[in-house]
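*Asks:* One structure, pasted below without further comment.
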Amino acid sequence: MLKLIVAYDKNMLIGSGNKMPWYFIDELKHFKSEIKNQILVVGENTFYSFKKIPNEKIILLSNNKSLLNKYKNLEIETDIEKIVNRSKNEDIIVLGGRNVYLQFLPFVDLMIISIIEKEFKGDVYFPKWDNNDFLLIKTKKINTFINAYYFKRK
């Protein structure tokens with residue numbers, strides 16, 4: 001299954017430069033619990049923004065093969081179709097950034113969205129998506145955000 005996880009504010013803001021515009025420990029805990037023991041897909045900007053590289057297997061969308069020597073849990077890929085096909089047999093979670101979300105959004109089976117109930121300043125926004133393409137299956141209010149799960153309509 002191909003999943004996508006994102007946190008955005010009321011305006012669908014996801015970033016300020018290469019950083020998150022907020023820091024909420026409860027949202028971070030939720031994020032970590034959702035990605036634990038999963039295969040993660042990230043773009044280079046998102047990868048370089050990690051303060052600590054997760055232990056999970058990471059597929060980096062990049063041509064930079066030199067990184068393979070630095071990280072044991074890293075795989076380099078340039079072909080999105082290969083990742084989409086792989087997700088038919090393995091759970092894979094798309095972590096971003098914006099361009100990665102944009103490329104994978106048509107193929108995602110499940111979106112896990114943390115909606116931060118405030119407005120922040122920044123310059124990177126989640127791509128517009130059609131609510132009619134997805135079915136909201138669950139929401140949960142957790143202190144600073146609303147957690148929403150959307151399944152792709154077939």
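*Asks:* Got a sec? Which of Asn131, Asn99, Asn147, Asn143 is out of contact with any helix residue (DSSP H, G or I) (no Cβ under 9 Å at 6 or more places or on another chain) and either polar (S, T, N, Q) or over 26 Å from Ser62 (Cβ atoms) (or both)?
*Replies:* On the way: Asn99 fails: out of contact with any helix residue (DSSP H, G or I) (no Cβ under 9 Å at 6 or more places or on another chain); Asn147 fails: out of contact with any helix residue (DSSP H, G or I) (no Cβ under 9 Å at 6 or more places or on another chain); Asn143 fails: out of contact with any helix residue (DSSP H, G or I) (no Cβ under 9 Å at 6 or more places or on another chain).
The conditions single out Asn131.
*Asks:* Right, here's the next one. Those residues that are surrounded by 13 or more Cβ atoms within 10 Å (Cβ to Cβ), at pLDDT 90 or above and not in a helix (DSSP H, G or I), I need them from the stretch 43-71; list them, please.
*Replies:* Gly43, Lys57, Ile58, Ile59, Leu60, Leu61, Ser62
*Asks:* Identify the residue in the stretch 92-144 that is β-branched (Val, Ile, Thr), part of a strand (DSSP E or B) and touching a Leu at 6+ places or on another chain (Cβ under 8 Å) and, among all such residues, is nearest to Val6 (Cα to Cα). First the steps, then the outcome.
*Replies:* Keep residues of the stretch 92-144 that are β-branched (Val, Ile, Thr), which gives 92-94, 100, 108, 112-113, 115-116, 124, 137, 139, 142, 144.
Then drop every residue that is not part of a strand (DSSP E or B), which leaves 92-94, 112-113, 115-116, 124, 137, 139, 142.
Among the residues that remain, those that are also touching a Leu at 6+ places or on another chain (Cβ under 8 Å) are: 92-94, 112, 124.
On the way: Ile92: 14, Ile93: 10, Val94: 9, Ile112: 6, Val124: 12 Å.
Filtering first and then ranking leaves Ile112.
*Asks:* Oh, and also: Among the residues of the stretch 18-60, which ones are among the aliphatic types (A, V, I, L, M) and either farther than 22 Å from Asn89 by Cα or more than 13 Å from the chain's Cα centre (by Cα) (or both)?
*Replies:* As a first pass, look at the stretch 18-60 and keep what is among the aliphatic types (A, V, I, L, M): 20, 25, 28, 35, 39-42, 53, 58-60.
Once the filter is applied, which keeps residues that are among the aliphatic types (A, V, I, L, M) and either farther than 22 Å from Asn89 by Cα or more than 13 Å from the chain's Cα centre (by Cα) (or both), the stretch 18-60 yields Met20, Ile25, Leu28, Ile53.
*Asks:* Also, I was wondering about something else. Where residues in the stretch 7-25 are assigned to a strand (DSSP E or B) and not hydrophobic (A, V, I, L, M, F, W, C), which of them is nearest to Phe126 (Cα to Cα)? Reasoning before the result, please.
*Replies:* Within the stretch 7-25, the first condition is being assigned to a strand (DSSP E or B), and the residues that meet it are 7-8, 13-16, 19.
Those left that are additionally not hydrophobic (A, V, I, L, M, F, W, C): 8, 15-16, 19.
Numbers: Tyr8: 7, Gly15: 9, Ser16: 12, Lys19: 14 Å.
Among those that are assigned to a strand (DSSP E or B) and not hydrophobic (A, V, I, L, M, F, W, C), it is Tyr8.
The values are calculated or read from the model by the stated rules, or taken from the named source; none is laboratory data. Given the structure is predicted, the values throughout are model-derived calculations rather than measurements. Cβ atoms come from the backbone with ideal geometry, glycine included; neighbour counts cover every protein chain shown.
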